[in-house]
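See below for the structure under consideration.
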Amino acid sequence: MSVGSLPVRFDDIRAAAARIGERVLKTPVVESAALSEIAGVPVHLKLEHHQTTGSFKLRGAKNAVLSLTVEERKRGVVAASTGNHGRALAFAAKAEGSLATICMSSLVPENKVLEIRRLGANVRIVGRSQDEAQEEVDRLVAEKGLVMVPPFDHPAVVAGQGTLGLELFDQLPDVETVLVPLSGGGLAAGVAAAIKGRRTSVRVVGLTMERGAAMKASLDAGMPVQVEELPSLADSLGGGIGLDNRVTFAMCRDLLDDVVLLSEAEIAAGMRHAYAVEREVIEGAAAVGIAALLAGKIMGHGPVVAILSGRNVDMDQHRRIINGDTICGKDAA
Ligand SMILES: *Cc1c(COP(=O)(O)O)cnc(C)c1O
């Protein structure tokens, strides 16, 4: 499949960039002397964890909210997400004069509920599982006419995440390899479409954890499949890609050059390096690029860019990882 026939095209990403404009931060790209020495090629870090709300998810949420009609915006948006998508959608909706309703189960910790409320969302606590929270989303869509904005499998969300790729290419036009954290594939699909729209020869590599990597399993199977979800330091990379995936599976299949898997110990080492050497606090999901470079798993040409995708980590957990303690269950190392 050519880049032009995919569900999200280069022009859609350019339109998203124009739509979002200055409503998101342009995040810096910095060279890492330490990682360049280790990799033997210039390595740069895209500091997207400094984005407003603490992750790139604001790009997709902003583009989705700004793509709504005035009437849809009045009805409000809805999602079932306790993580970075929920934060981003809460913030984006409020900033654009809409209201986000975020549905979550009663098992979600109180601090997460408070954070999303503080960002301006209406929080609905329903049931005892993510599935029950999603049922409430479906009900609000059917009965109240709220507009669902999913975390990755939506053209406007993917195009919004793609603006990160456009921005990155403008900052570093001689880039040869881009390392992208991969879960549902919204970020990887958008960034790959943007980067390859500029220069097809740039390698785009998806990185994810060994534990429960749904997109990797689906790419291997040739169709979306379900995997068992396991706790990981990279908690923002958990979850499935949806058996009825419409957008991101085909894009990741056609645009990613490779997918690399990281162990929990490697992800922890990535977080530790980010903190101790680069002086950056990042969450596990954001550490996979650095982790792969430290583990010698990236053979690509330079310049290499690792996207640091978010910083919403529990600070007690972060402290334990920095101190080198065992992290996520007994078999984590
Ligand atoms: C959501 C998220 C990812 C993965 O993005 P997908 O579009 O689901 O692949 C990576 N890092 C962070 C910090 C995230 O919040």
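The values are calculated or read from the model by the stated rules, or taken from the named source; none is laboratory data. Worth saying up front: this structure is predicted, and the values here are computed from it rather than measured. Cβ sites come from the backbone with ideal geometry, for glycine too, and all protein chains shown count toward neighbours. Please note that ligands, DNA and RNA were not included when accessible areas were found on the heavy atoms of the full protein model with its side chains. Shrake-Rupley method; radii C 1.70, N 1.55, O 1.52, S 1.80 Å.
When both residues are 6+ apart or on different chains and their Cβ atoms are under 6 Å apart, which pairs have a first residue that lies in region 307-328 and is over 24 Å from Val204 (Cβ atoms) and in a loop (DSSP other than H, G, I, E, B), and a second that is at pLDDT 95 or above and open to solvent by 20 Å² or more (accessible area, probe 1.4 Å)?
Cβ pairs passing all conditions: none.
Can Ser263 be described as of a type in the set (S, T, N, Q), in contact with a helix residue (DSSP H, G or I) (Cβ under 9 Å, 6 or more places away or on another chain), touching a residue at least 24 places away in the same chain (Cβ under 8 Å) and surrounded by 24 or more Cβ atoms within 10 Å (Cβ to Cβ)?
It is false that Ser263 is of a type in the set (S, T, N, Q), in contact with a helix residue (DSSP H, G or I) (Cβ under 9 Å, 6 or more places away or on another chain), touching a residue at least 24 places away in the same chain (Cβ under 8 Å) and surrounded by 24 or more Cβ atoms within 10 Å (Cβ to Cβ).
When you scan region 146-249 for helices (runs of 4 or more DSSP H) that lie fully inside it, which ones turn up with 3 or more residues that are farther than 23 Å from Ala306 by Cβ and open to solvent by 10 Å² or more (accessible area, probe 1.4 Å)?
214-221
Going through region 76-85 one residue at a time, which ones are within 10 Å of the ligand (Cβ to nearest atom) and either in contact with a Ser or Thr (Cβ under 9 Å, 6 or more places away or on another chain) or open to solvent by less than 10 Å² (accessible area, probe 1.4 Å) (or both)?
Of everything in region 76-85, those that are within 10 Å of the ligand (Cβ to nearest atom) and either in contact with a Ser or Thr (Cβ under 9 Å, 6 or more places away or on another chain) or open to solvent by less than 10 Å² (accessible area, probe 1.4 Å) (or both) turn out to be Gly83, Asn84, His85.
Run down Ile116, Ile125 and say which single residue is of a type outside the set (Asp, Glu), surrounded by 22 or more Cβ atoms within 10 Å (Cβ to Cβ), free of Cβ contacts under 8 Å to residues at least 60 places away in the same chain and more than 20 Å from Arg14 (Cβ to Cβ).
The unique qualifying residue is Ile116.
Of all residues in region 275-305, how many are aliphatic (A, V, I, L, M) and within 12 Å of the ligand (Cβ to nearest atom)?
Count: 5.
Residues to consider are Ile38, Ile13; find the one that is within 23 Å of the chain's Cα centre (by Cα) and among the β-branched types (Val, Ile, Thr).
Selected residue: Ile13, the only one of Ile38, Ile13 that is within 23 Å of the chain's Cα centre (by Cα) and among the β-branched types (Val, Ile, Thr).
Please pick out the residue among Ser236, Ser232 that is more than 19 Å from Phe152 (Cα to Cα), within 14 Å of the ligand (Cβ to nearest atom) and polar (S, T, N, Q).
Going through Ser236, Ser232 in turn, just one is more than 19 Å from Phe152 (Cα to Cα), within 14 Å of the ligand (Cβ to nearest atom) and polar (S, T, N, Q): Ser232.
Tell me, please, whether a residue that is closer than 18 Å to Phe152 by Cβ, in the same structural domain as Asp314 (by TED's automatic domain parsing) and more than 14 Å from the ligand (Cβ to nearest atom) can be found in region 27-44.
No; the residues of region 27-44 include none that is closer than 18 Å to Phe152 by Cβ, in the same structural domain as Asp314 (by TED's automatic domain parsing) and more than 14 Å from the ligand (Cβ to nearest atom).
In region 115-127, is there at least one residue being within 16 Å of the ligand (Cβ to nearest atom) and assigned to a helix (DSSP H, G or I)?
Yes, that holds for at least one residue.
Ile290: crowded, with 18+ Cβ neighbours inside 10 Å and assigned to a loop (DSSP other than H, G, I, E, B), yes or no?
no
If Arg73 passes every condition in (1) surrounded by 19 or more Cβ atoms within 10 Å (Cβ to Cβ); (2) more than 16 Å from the ligand (Cβ to nearest atom); (3) under 23 Å from Leu25 (Cβ atoms) but one, which one does it miss?
(1)
Somewhere in region 41-52, is a residue part of a strand (DSSP E or B) and either open to solvent by 10 Å² or more (accessible area, probe 1.4 Å) or within 17 Å of Gly21 (Cα to Cα) (or both)?
yes
Considering each of Lys196, Lys216 in turn, give the residue that is away from the ligand (no atom under 16 Å from the Cβ) and in contact with a Leu (Cβ under 8 Å, 6 or more places away or on another chain).
Going through Lys196, Lys216 in turn, the sole match is Lys196.
With Leu47, Leu68 as the choices, which residue is under 27 Å from Gly165 (Cα atoms), in contact (Cβ under 8 Å) with a residue 24 or more places away in the chain and not assigned by TED's automatic domain parsing to the domain that holds Leu308?
On inspection, the qualifying residue turns out to be Leu68.
In region 89-110, is there at least one residue being open to solvent by 30 Å² or more (accessible area, probe 1.4 Å), modelled with pLDDT under 95 and not in a loop (DSSP other than H, G, I, E, B)?
Yes, that holds for at least one residue.
Just checking, does region 54-65 include any residue being surrounded by fewer than 19 Cβ atoms within 10 Å (Cβ to Cβ) and of a type outside the set (Val, Ile, Thr)?
no
Suppose we filter region 1-51 for residues that are of a type in the set (D, E, K, R), closer than 25 Å to Thr200 by Cα and out of contact with any helix residue (DSSP H, G or I) (no Cβ under 8 Å at 6 or more places or on another chain); how many remain?
2
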